Structure formats: C-alpha cells, structure tokens
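The values are calculated or read from the model by the stated rules, or taken from the named source; none is laboratory data. Predicted, not measured: the structure shown is a model, and the values here were computed from it. All Cβ positions, even for glycine, are placed from backbone atoms using ideal geometry, and neighbour counts span all protein chains on display. Side chains are part of the model used for accessible areas, which takes the heavy atoms of the whole protein and leaves out ligands, DNA and RNA. Shrake-Rupley method; radii C 1.70, N 1.55, O 1.52, S 1.80 Å.
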Amino acid sequence: MPLSLLRHPRVADLLTLLLGGVMTLTFAPFNAWWLGPFALALYCGLLNTPRFRGAFWRGWLFGSGMFVSGASWVYVSMHTYGGMPMPMAALVAALFGVGLGLFSALHGLLYRRLIPLGAGLYAALSFAGLWVLVSEAFRGWVLTGFPWLLVGTAHVDSPLAGYAPLGGVYLVSLAVALSGALLYHGSKAGAQPLQRLGAIAGLIAVWCLGALLPRQWAHPTGQPLNVALVQGNLAQETKWEPEGQYQAVARYAELTQHATQADLVIWPETALPMWNTEALPVMQRIQQTLPAHTALMSGMLTYDNRQVYNSVVALTERDTPHELQRYYKHHLVPFGEYIPLSNVLGPILNIMSIPPSNISAGEDSPAPVTLHGVKLGIAICYEIIFPELVRERAQAADMLVTVSNDTWFGASLGPLQHMQMAQMRALENNRYVLRATNNGLTGVVDAQGHLIATLPQFQPGVLTAQAQPMAGLTPYTQTGSRPTLLLAALMSIAGALGVRRHRH
C-alpha cells in the first residue's frame, strides 16, 4: 500500500480497526506475541491526528477491533447456550466489544491531550504509561472490572515474561506498550539520528532486562501432590435435566475410579448439576470408593442460610457434612451470576431474553482450603482473570486451584484465552495452578507459567500429574500492582514534561 494512501483519513481509520484485530492474534491460541509491539507502534503513529476527537475516534476503532474479534466468544455464550436469538446475540456481542473499545478511545484522547503533534522520543513514555493506566487498569476496575485481553498476558512465554513475577501482568503490558512506542519513534520519517539511537537502546534494554529477570522467586516446599483433574464433558443444554443429572453422576463416578493413585481429585465447577444437599451424598459415596488418603474437591451450587452460592467443597474420608471445607465465590459475573441495578435493568433484560440470576457473593478474603498439609487458594471460573484477587489468594497458599465451566464458550477463543490468563496468574505468583473444567481446557500449570499437562477439549477424561507446593512470595505477590501503576503514572507525566521541555 503506497504511503500516500495511508494519509487518507478513511484508509487510516480502517487500518486502525484492523490493527486492533491483529492484537487478538497475539493471544492464545495463535500466540503470535511478537506482533503486539508492531501493531502498537503503528497505532501510536495513527494517533498523530490534528484533532483531539480524531485521536479519540482512532482509539475507539483500535479497541473495538481488538474486543469485537478477541471477545467474540460472547456471541457463543449468548446465542448457543443462553438462548438469545441470533440477531440479538450478534448485536449484544458487537456492542460489548465496541463498549470496551471506549477505554482505548480514552487512552487516545488523553495521549493527544498530553502530547502535541510531532513530539519526540519522550512521548513514548506517555503512550505506554497511559495505555496501562487507562486501557487496562481502569478497565480492570470500573463496573467490577473486565481485565480480559491485557496485552501482557500474551507474553507469558515471551522474553518479557520475567517482568510478571516482579510487577504483575501490568508491568508486562507496560513493557509491550513502551516497545511499540519506541518502535514508532525510532522508525518514523524525519526522526533525528539521536532519537533513533535512543529508541534502539531503549528497546534493547526493555527486552534484555525482561529476558534476564528470573521467572521464579519462590521455592519448592514439602512433597509434590499427585493430582487428578476430571473433565466430564457433559452437554450444557441437557445437564440440568433429570437424565443429564443421572449421566453426570455416572460419568464422574466412572472417571474418578481411574484416579486411585491421587492425593487429590478435583471435579470442575458445578460438576454435578444439582444442589449441595443432593451432590454431597453422591460425593461421599464416590469418595468412599477411593483410597483413604484421597481427598475429593468439586464445584457445586450451595444453598446456605437462604442464599445461593457458587462454591467449591472439599471432602475427605473423615469429614462430616458440618466439617467440610468450603469456598464461596466472591467476584461474581455481572449479568451472568447477578444483575447490577436489577430494579432498573431487570425489565430490559427480560426483553433481551437474558435470564435473571441470583447468586450471592462470598467473603472477600477467605481462608485457603488445607488438604494433606497443603494450603490451596481457590478461584472459581471468572475470578482467575483478576490479578489482584488471585494475588491475595496466593499470599496464604502453597498452590492455586481454579474450577470452571467453559462449556459456555463452546469451540471459541474463550477457553484458550482463559487458560492463558491462568498461566499468567501462576507466573505472577510462582504457584502451581490446577485448572479443572467441564469440557476444557483442563490442565496443570507450573510455577513459571508453563502448561505442563492438559486434556484435549470436548472429550471426557482424567488428567493425572504431580504438582509441587511452593513457599516464598514473588515481589508482585508481596506488593501487588500499585508500584507498576505508580510507575505508569510517573511515565505519563515525565513523557509530557519531557516533550514540552525539549520543544522549548
């Protein structure tokens, strides 16, 4: 494409939208992480538009391209499993992606407000700092947060992965965004030789430091656990019907008999499609067929004190129903597990064929579940995508367990992206992650974020592996994201001040 054609506003807009879509290729299952800095470099250049509203518009296009493509699994959840009519599901999925694009739009606007046209290398600091603050951290917090497709997540296996245990996924994102901005400022037409040299030096420093930083700060403690993760692969459409419930009991009873060497057997979220009053007796019968030392853990719906909870229950041979260790999910899915502003939004959701939800939230800082002397931090489904929530669990845990029902995603990008985020949580905290799902991806992630064992999607099976308890805390587990966000804020300010000082 001739460079002169790129100067046409409509062509530049289309390119911006496509670049957002390219960002989806950096994540699982494509794993083309190296594309991220190049896409962000071109996006940085495209923000150099004379009007503020032009930068807002291109930021919106970039974010919309990324989320409409990267979060396309929303359509599958709404239509295939939620029963929403196809046109309405497509509209909701598109509006969801376009709505999330507003965070990138805000980034574009603030960047152009701080950085004048034709700014030099200092502008790279503001581009990266604002990206993390506005496009990612703010999105991960506002309206309960949606930290999906954080650009750093794609780099769990890249040379930048060393930043994760030091400052978390936001520090990795900061390195990726800074790399993109340095690429742009080092290669743009008219750049001074000193600017090109500074950009090259900065790029080398960012990537070499990331590669040299240790991925593991914690250390093994105690003996490894023999674990068995059971994947039932039951059809979501029929599992709650009487025949589906019978099939679920039979399937998990049969599969669990292959786990006779395990210290811990884990079933996924709502493995048995029934209330805890029915599921617990089934678990107890099956647990009694296992060796005495084997503990059984499962996700289930629990009715407790007139409240409904999405829970995980752990059962050993000597436990009675009143002594069971339980975890109640704290961070619920808006519109999936509860309805925000239900008095206002309830009638609208009825029109859109979205069924009501009434799950209650568990306590904010639950104690870990302890089995065989190993402390297990629990996260149910959606919770694993929240860095700070999982960090708090990891502070008191030797290992992390997450159960999920990714059946809602179907054969989309969702389950693969979900597993990649679990890998990032393992790397950030240097804790093994045991992930049991209904139909995949079920897997074991080691303390450096490597997926060491997995089951094929859409097949029943039992995954057996060894998982090592870990002691000691990474810098990120100790301090959280605040140091990284402070660094991002200082970079944003320093970039703006540096540009103005250099121009004068």
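Restricting attention to the range 228-251 and to residues that are among the hydrophobic types (A, V, I, L, M, F, W, C), in contact with a helix residue (DSSP H, G or I) (Cβ under 8 Å, 6 or more places away or on another chain) and part of a loop (DSSP other than H, G, I, E, B), the residue that is modelled with the lowest pLDDT turns out to be 235.
Counting only residues that are aromatic (Phe, Trp, Tyr) and under 23 Å from residue 236 (Cβ atoms), the range 49-78 holds 2 of them. Looking across the range 167-177, just one residue is free of Cβ contacts under 8 Å to residues at least 60 places away in the same chain and either open to solvent by 20 Å² or more (accessible area, probe 1.4 Å) or hydroxyl-bearing (Ser, Thr, Tyr) (or both), and that is 173. Would you be able to tell me the number of residues in the range 252-261 that are crowded, with 18+ Cβ neighbours inside 10 Å and in a loop (DSSP other than H, G, I, E, B)? Qualifying residue count, the range 252-261: 1. Scanning the range 131-157 for residues that are open to solvent by less than 10 Å² (accessible area, probe 1.4 Å) and under 22 Å from residue 473 (Cα atoms) yields a total of 4. If you go through the range 262-273 and keep only what is under 19 Å from residue 437 (Cβ atoms) and part of a loop (DSSP other than H, G, I, E, B), you end up with 262, 267, 268, 269, 270, 271, 272, 273.
Conditions tested, residue by residue: (1) of a type in the set (Gly, Ala, Ser); (2) more than 23 Å from residue 164 (Cα to Cα); (3) touching a Gly at 6+ places or on another chain (Cβ under 7 Å).
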residue	(1), (2), (3)
74	no, yes, no
82	yes, yes, no
119	yes, yes, no
123	yes, yes, yes
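Number of residues in the range 284-305 that are more than 19 Å from residue 358 (Cα to Cα) and under 30 Å from the mean Cα position of the chain (by Cα) equals 4. Considered as a group, the residues in the range 23-37 that are touching a Leu at 6+ places or on another chain (Cβ under 7 Å) and among the hydrophobic types (A, V, I, L, M, F, W, C) include one that is nearest to residue 416 (Cα to Cα), and that residue is 28. For the range 449-476, filtered to residues that are surrounded by 21 or more Cβ atoms within 10 Å (Cβ to Cβ) and in contact with a helix residue (DSSP H, G or I) (Cβ under 6 Å, 6 or more places away or on another chain), the residue that is nearest to residue 380 (Cα to Cα) is 449. Of all residues in the range 274-300, those satisfying the criterion of being assigned to a helix (DSSP H, G or I) and surrounded by 13 or more Cβ atoms within 10 Å (Cβ to Cβ) are 276, 278, 279, 280, 282, 283, 284, 286, 287. Evaluating residue 137 against the criteria (1) more than 21 Å from residue 426 (Cα to Cα); (2) at pLDDT 95 or above; (3) in contact with a Leu (Cβ under 6 Å, 6 or more places away or on another chain) leaves one unmet condition, (1). You will find that of 225, 182, 203, 264, the residue that is closer than 24 Å to residue 159 by Cβ, modelled with pLDDT of 95 or more, crowded, with 23+ Cβ neighbours inside 10 Å and over 25 Å from the mean Cα position of the chain (by Cα) is 182 and no other. Restricting the search to the range 93-105, which residues are surrounded by 20 or more Cβ atoms within 10 Å (Cβ to Cβ) and either aliphatic (A, V, I, L, M) or over 20 Å from residue 70 (Cα atoms) (or both)? Selection gives 93, 100, 105.
Number of residues in the range 141-178 that are in a helix (DSSP H, G or I), in contact with a helix residue (DSSP H, G or I) (Cβ under 8 Å, 6 or more places away or on another chain) and closer than 18 Å to residue 71 by Cβ: the value is 6.
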